[in-house]
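Some notes on the structure that comes next.
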Amino acid sequence: MLNETHDPSLRSWVKSAQAAGSDFPIQNLPFAVFCRAGTTEAWRGGVAIGDQIVDLAALRNADVINADVIKAEDPATELARTALQAAARDQLNDFMALGPAHWSALRHALSHLLRVGTTADEQARIRSLALVPQSQAEYRLPARIGDYTDFYTSVHHATNIGRLFRPDNPLLPNYKWVPIGYHGRASSIVISGTPFTRPQGQLMPPGAPQPMVGPSKRLDIELELGAFIGPGNALGRPINIDQAEDHVFGLCLLNDWSARDIQGWEYQPLGPFLAKNFATTISPWVVTLEALAPYRLPFTRPADDPQPLPYLDSAAQRANGLLNIELAVELQTPRMREAGIPPALIAQSNYRHAYWTLAQMVTHHTMGGCNLQPGDLLGSGTMSGPEPHQAGALIELTAGGKQPLKLPNGEQRTFLEDGDSVTLRGWCDRPGAVRVGFGRCEGLVLPAGTTAVQP
Ligand code: CA
């Protein structure tokens with residue numbers, strides 16, 4: 001699965017790609033949709049390299065992916081050109097729909113263009129034509145998201161949450177057999193940096209005779225990864241486990257903001273509704289599965305757990321179905337911001353704690369014939385690990401709001417206050433491979449609207 005684009009010795013002539021701690025070395029090359037902030041420029045696809053963006057529309061217009069970049073007889077040249085046409089557009093759905101051969105061909109072409117060894121003329125041409133500093137960019141959703149499904153793939157989160165909502169019966173018996181998910185709301189998915197309003201809803205205070213209407217007092221985060229679907233499947237045609245990853249374009253960070261008090265009242269019997277549908281924030285950069293290839297881990301099941309049913313199991317999944325992605329949550333309050341105190345790390349986890357793999361999510365989603373479409377988004381579910389500080393939600397980190405978090409300036413938090421901002425981060429690192437990262441997924445809580453919802 002590894003190829004020349006993963007070679008740890010590759011360096012880019014964009015020197016910031018080699019900066020210590022850079023999320024975007026030449027081994028990463030994630031995709032986003034961007035324009036220069038404060039301009040009326042058209043949105044177009046871009047690829048991150050160091051602190052710059054390669055403007056794919058400019059590359060397309062300049063016709064730089066040609067036989068000089070990849071050997072003339074290489075069929076990948078044509079695939080890369082087709083891929084570039086699609087990736088330069090104002091949404092990446094068409095590019096996502098092309099599939100792994102096209103994605104990989106464009107990745108190889110970009111790797112060649114950006115690596116040390118490209119001619120000085122070519123470097124100068126790309127630098128002047130197609131590099132935009134990330135500091136000057138704004139982003140929008142990378143794709144038109146037709147459908148959004150949120151899974152629940154951390155058994156640690158499922159157990160912790162289950163214990164709070166059902167103390168006697170934390171983990172329901174289906175959990176270890178079925179990749180649990182629900183169909184979410186695509187219209188309220190926003191790009192990192194977009195503030196959102198604290199939701200109002202029906203709240204049922206303990207002991208109250210009837211529900212009241214008001215702003216959520218238990219506004220929470222959920223630390224997740226999002227998976228963008230590439231090629232879809234026809235209605236009625238399930239996706240086999242060993243083809244499932246060919247249908248996944250790549251991963252981003254995802255914060256599934258959650259109103260726990262609204263959730264507690266509305267959750268049974270059907271599941272999440274208004275507790276989840278007011279905002280979901282994703283990071284702008286989508287890291288391809290190919291970029292994550294050095295960070296594969298075996299998928300395993302404890303011997304005393306049920307083993308996956310055959311349609312969810314395969315030798316390939318057992319060999320490398322999981323991904324080793326470090327995840328972190330940072331919180332900054334308004335007082336911290338005013339005092340210049342940087343965001344505080346409040347949780348750190350890893351995608352390796354997923355009970356169900358990406359491929360198992362895709363295969364299970366489609367087993368009844370449901371059709372996925374390019375640009376659909378699947379959430380991993382809150383990625384809590386086994387240790388208390390690895391919890392990916394405040395409701396777990398604070399024991400249901402009973403044990404406040406202590407922040408560096410002496411403030412405390414159980415749930416989010418107005419003006420708080422939360423940033424998710426993700427990265428992969430191991431000896432023998434180059435660190436690749438996901439950038440940032442940030443959201444800020446605005447006060448509930450003054451136009452109250454009438455009961
Ligand atoms: Ca969730």
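Three principal axis extents of segment 3-44 based on alpha-carbon atoms, in descending order, are 39, 22, 17 Å. In terms of its C-alpha gyration tensor, segment 126-238 has an oblate overall shape, because the principal axis ratio a/c (a ≥ b ≥ c, square roots of the eigenvalues) is not below 1.5 and a/b does not outweigh b/c.
With all protein chains present, how much of the accessible area of segment 239-375 (probe radius 1.4 Å) comes from carbon and sulfur, to the nearest whole percent? Result for segment 239-375: 56 percent of the exposed heavy-atom area is carbon or sulfur. A Stokes-Einstein calculation at 37 °C with viscosity 0.692 mPa s, built on the Kirkwood radius of the chain over Cα pairs, returns a diffusion coefficient of 144 µm²/s.
Before I look further, what does the chain give for accessible area per residue, probe 1.4 Å, in whole square angstrom?
Values: 18710 Å² over 455 residues.
In whole numbers, the chain has 41 Å² accessible per residue.
Pairs from the table (LYS176/LYS217; LYS217/LYS276; LYS217/LYS406) lying more than 25 angstrom apart at Cα are LYS176/LYS217. Beta bridges per DSSP, both residues in the chain: antiparallel share near 90 percent. Diffusion coefficient (Stokes-Einstein, Kirkwood radius over C-alpha pairs, 37 °C, 0.692 mPa s) for segment 312-455: 183 µm²/s, rounded to a whole number. The 3J(HN,Hα) values that the Karplus relation (6.51, -1.76, 1.60; θ = phi - 60°) gives for segment 406-415 are, in residue order, 9, 9, x, 8, x, 5, 10, 9, 9, 10 Hz. Gly and Pro appear as x.
For PHE299, what accessible surface area do you get with a 1.4 Å probe? Give it in Å², rounded to 10. Looks like 0 Å² after rounding.
Length available on full extension from ALA62 to ALA433: 0.36 nm per residue minus the Cα-Cα distance, which gives 130.3 nm.
Per DSSP helix of 4 or more residues, -39500 (n - 2.57); summed, then divided by the residues of the chain. What does that give at 222 nm, rounded to the nearest 500?
Numbers: 11 runs with 93 residues, N = 455.
Rounded to the nearest 500, the figure is -5500 deg cm²/dmol.
Among the chymotrypsin sites (Phe, Trp or Tyr not before Pro) found in segment 225-295, those both in a DSSP coil and sparsely packed, with 16 or fewer other Cβ atoms within 10 Å of their Cβ, are TYR267, PHE273. A straight chain from LEU171 to THR197 at 0.36 nm per residue would run longer than the Cα-Cα distance by 6.1 nm.
The values are calculated or read from the model by the stated rules, or taken from the named source; none is laboratory data. These numbers come from a predicted model, not from an experiment. Because the Cβ atoms are built from the backbone with ideal geometry, glycine has one as well, and the counts that use them run over all protein chains shown. Remember, those area values only see protein heavy atoms, side chains included, never the ligands or the DNA or RNA. Shrake-Rupley method; radii C 1.70, N 1.55, O 1.52, S 1.80 Å.
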